[in-house]
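Undergrad: Dropping a structure here in structure tokens format, bear with me for questions.
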Amino acid sequence: MVDYRLRYSKQGELRFISHLDLVRGFERILRRAGLPVAYSEGYNPHPKLGFGPALPLGVESVAEYLDMEFTRSVDLEEIIARLNHVMPPGLRALELVEAARKLKPLTAVINCAVYRYEGLAAGQDDPERIRREVERLWKQDTLLVTRKAKGGGTKNLNVRGFLKNWQWLEQPGSGPVLCLETVIGNQGTIRPDEFLRFFAVPIDTPRIIRTDLWVDDGINRVSPLALCR
């Protein structure tokens, strides 16, 4: 058996495809590509695939990850070519690494995400109002969101601790861009759309792109692909 880790993008209209539909879609893609995916044993065998943290609905990404187990080794460039040949528009295989060791699940190691907001200040007479609003929110100790609770009902969750860093970039000709770095993982996270709900100034719906997923131990930050080497 051979393990591979893939980085792929999900953009355009596919941003409205749910994580569950994406999983099913990849199973079909791998079959159509004719790749030797390994299957589990038992009454209902399924392909041995491991997905990274689910992408929020409506968000695009250029940094999604997928672990695949094959029954035999295949050339990396051939795998990417086969995948891209059968992938629908909006889905694209970008990088692939063969694992040199047994990998921990992606959801167990990825703990940092970066989101890019484009067009956040569109229609604003003073785009600096948006930047000042981010500064105001960063000074808050409490940012509460309402989430569904186990067993039914709802609960309030303070998501301020899931915000790690932010950067305001001036883009000539296209307006300013906000880059937001967040904690992500089993301990919880803040969805990129939730952050916008705290704004006290009117904003247009921006284009949101997940640009990075990282494994951060507090000292070093590495790509999930780097863990394969």
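The values are calculated or read from the model by the stated rules, or taken from the named source; none is laboratory data. Remember, it's a predicted structure, so these values are computed and weren't measured experimentally. Every residue, glycine as well, gets a Cβ built from its backbone with ideal geometry; the counts of neighbours run over all protein chains shown. Surface accessibility is based on the protein's heavy atoms, side chains included, excluding ligands, DNA and RNA. Shrake-Rupley method; radii C 1.70, N 1.55, O 1.52, S 1.80 Å.
Undergrad: Residues in region 124-131: is at least one part of a strand (DSSP E or B), touching a residue at least 40 places away in the same chain (Cβ under 8 Å), of a type outside the set (V, I, T) and not assigned by TED's automatic domain parsing to the domain that holds G12?
TA: The answer is no; no qualifying residue exists.
Undergrad: Right, here's the next one. Residues of region 2-39 being of a type in the set (K, R) and more than 14 Å from the chain's Cα centre (by Cα), which ones?
TA: Of everything in region 2-39, those that are of a type in the set (K, R) and more than 14 Å from the chain's Cα centre (by Cα) turn out to be R5, R24, R28, R31, R32.
Undergrad: One residue is enough: does region 46-55 have a residue meeting the conditions in a helix (DSSP H, G or I) and within 25 Å of K104 (Cα to Cα)?
TA: The answer is no; no qualifying residue exists.
Undergrad: How many residues does region 1-46 hold that are β-branched (V, I, T), open to solvent by 20 Å² or more (accessible area, probe 1.4 Å) and out of contact with any Phe, Trp or Tyr (no Cβ under 9 Å at 6 or more places or on another chain)?
TA: 1
Undergrad: List pairs: first in region 1-17 and outside the structural domain of W214 (by TED's automatic domain parsing), second open to solvent by less than 20 Å² (accessible area, probe 1.4 Å) and polar (S, T, N, Q), Cβ under 9 Å, 6+ apart or cross-chain?
TA: What qualifies is Y8/S61; S9/S61; K10/S61; Q11/S61; R15/S61.
Undergrad: Moving on. If you check R92, R116, R147, which single one turns out to be outside any loop (DSSP other than H, G, I, E, B), open to solvent by 60 Å² or more (accessible area, probe 1.4 Å) and not hydrophobic (A, V, I, L, M, F, W, C)?
TA: Just a single option satisfies the conditions, and that option is R92.
Undergrad: I'd like to verify a number: residues in region 18-54 that are touching a residue at least 60 places away in the same chain (Cβ under 8 Å) and at positive phi, how many?
TA: Total meeting the criteria: 0.
Undergrad: Exactly one of (1) in the same structural domain as I17 (by TED's automatic domain parsing); (2) surrounded by 15 or more Cβ atoms within 10 Å (Cβ to Cβ); (3) assigned to a helix (DSSP H, G or I) is unmet by V97. Its number?
TA: (3)
Undergrad: Just the residues that are surrounded by fewer than 22 Cβ atoms within 10 Å (Cβ to Cβ) and farther than 15 Å from L180 by Cβ, please, taken from region 47-63.
TA: The answer is P47, K48, L49, G50, F51, P53, A54, L57, G58, V62.
Undergrad: Identify the residue in region 73-102 that is at pLDDT 95 or above and basic (K, R) and, among all such residues, is nearest to the chain's Cα centre (by Cα).
TA: The extreme case among them is R92.
Undergrad: Of these, S73, S61, which one is closer than 15 Å to G12 by Cα and among the polar types (S, T, N, Q)?
TA: After applying the criteria, what remains is S61.
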